[in-house]
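The values are calculated or read from the model by the stated rules, or taken from the named source; none is laboratory data. The structure displayed is predicted, hence computed values, not measured ones. With ideal geometry, Cβ positions are generated from the backbone for all residues, glycine too; neighbour counts draw on all protein chains shown. These area figures cover heavy atoms from the full protein model, side chains too; ligands, DNA and RNA do not enter into them. Shrake-Rupley method; radii C 1.70, N 1.55, O 1.52, S 1.80 Å.
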Amino acid sequence: MTSGNLENLVKTNQLKAEAADRKEFDGLVRSGRARLADARKSDLSYESRFDLAYNAAHALSLAALRRQGYRSESRYLVFQCLAHTLGLGAEHWRVLALAHERRNTAEYTGELQTDARLLADMLRVTELVLGKLDEQGPPK
C-alpha cells in the first residue's frame with residue numbers, strides 16, 4: 001500500500017504513528033464482524049442497522065489503519081485512508097464517508113435520513129473491507 005501517503009499525514013499531524021498491536025487488531029476485527037452480522041438482520045429497525053453497519057465499517061477500517069502502524073482520532077480520515085491501507089478506490093471509501101456525514105447529522109439533530117441504498121452500499125463496502133483484512137491477515 002502507499003505508506004508514503006500515510007507518512008505525509010503523520011507529518012501534518014492528521015495521523016499518529018503507533019506500532020501495530022495484534023490484540024487490538026483482533027478485537028477491532030471481532031467487533032466489526034459481530035456488528036456486520038447484526039446489521040444484516042432485516043428484522044431490526046433501519047436506525048439500528050445503520051448504526052451497526054457504520055460502527056462495523058469504522059472498526060474494520062480502523063483495524064486496517066492500525067495494521068499499518070497508524071492511528072487517527074478522525075473517523076472520516078480512517079475511511080479516507082482505506083485507499084492507502086487496503087487499496088480501495090474512492091467509489092468505496094466515499095460510501096463510508098457519506099454514511100459518516102449522515103451519522104453526524106443524526107447525532108446532532110436526531111434526524112437520520114432513511115436510505116435503503118446507502119445501507120446496502122455500506123454493507124457491501126464493509127464486507128469488502130473485511131475480505132481484504134482476511135486476505136492480508138493480522139499485523140506481524
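Of everything in the stretch 26-54 that's among the hydroxyl-bearing types (S, T, Y) and over 19 Å from E101 (Cα atoms), which residue is surrounded by the fewest Cβ atoms within 10 Å (Cβ to Cβ)?
Start the filter on the stretch 26-54 by keeping residues that are among the hydroxyl-bearing types (S, T, Y), which leaves 31, 42, 45-46, 48, 54.
In the following step, the residues that additionally are over 19 Å from E101 (Cα atoms) were identified as 31, 42, 45.
Working: S31: 17, S42: 7, S45: 9.
For the stretch 26-54, the residue satisfying everything is S42.
Residues to consider are A19, A53; find the one that is within 12 Å of T126 (Cα to Cα) and of a type in the set (G, A, S).
None of the others qualify; the one that does is A53.
Could you list, in sequence order, the residues of the stretch 33-46 that are in contact (Cβ under 8 Å) with a residue 40 or more places away in the chain and under 13 Å from M122 (Cα atoms)?
Those that are in contact (Cβ under 8 Å) with a residue 40 or more places away in the chain and under 13 Å from M122 (Cα atoms): L36, A39, R40, Y46.
Quick check on the stretch 125-134. Is at least one of its residues part of a loop (DSSP other than H, G, I, E, B) and surrounded by fewer than 20 Cβ atoms within 10 Å (Cβ to Cβ)?
no
Considering only residues of the stretch 55-82 that are assigned to a helix (DSSP H, G or I) and open to solvent by 40 Å² or more (accessible area, probe 1.4 Å), which is nearest to A116 (Cα to Cα)? Don't jump to the end; show me each part of the working.
Taking the stretch 55-82 as the starting set, the residues that turn out to be assigned to a helix (DSSP H, G or I) are 55-67, 75-80, 82.
Those left that are additionally open to solvent by 40 Å² or more (accessible area, probe 1.4 Å): 55, 67, 75-76, 80.
Numbers: N55: 17, R67: 31, R75: 22, Y76: 21, Q80: 23 Å.
Among those residues, the one meeting the criterion is N55.
Identify, from the list R22, R117, R67, the residue that is over 15 Å from the mean Cα position of the chain (by Cα) and within 14 Å of L133 (Cα to Cα).
R22
Of these, T105, T85, which one is touching a Leu at 6+ places or on another chain (Cβ under 8 Å) and open to solvent by 40 Å² or more (accessible area, probe 1.4 Å)?
Result: T105 is the single residue among T105, T85 that is touching a Leu at 6+ places or on another chain (Cβ under 8 Å) and open to solvent by 40 Å² or more (accessible area, probe 1.4 Å).
For every residue, the table says whether it meets (1) part of a helix (DSSP H, G or I); (2) closer than 13 Å to S61 by Cβ; (3) over 12 Å from the mean Cα position of the chain (by Cα); (4) not polar (S, T, N, Q).
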{"position": "L88", "(1), (2), (3), (4)": "no, yes, no, yes"}
{"position": "W93", "(1), (2), (3), (4)": "yes, yes, no, yes"}
{"position": "A97", "(1), (2), (3), (4)": "yes, yes, no, yes"}
{"position": "Y108", "(1), (2), (3), (4)": "yes, no, yes, yes"}
{"position": "L112", "(1), (2), (3), (4)": "no, no, yes, yes"}
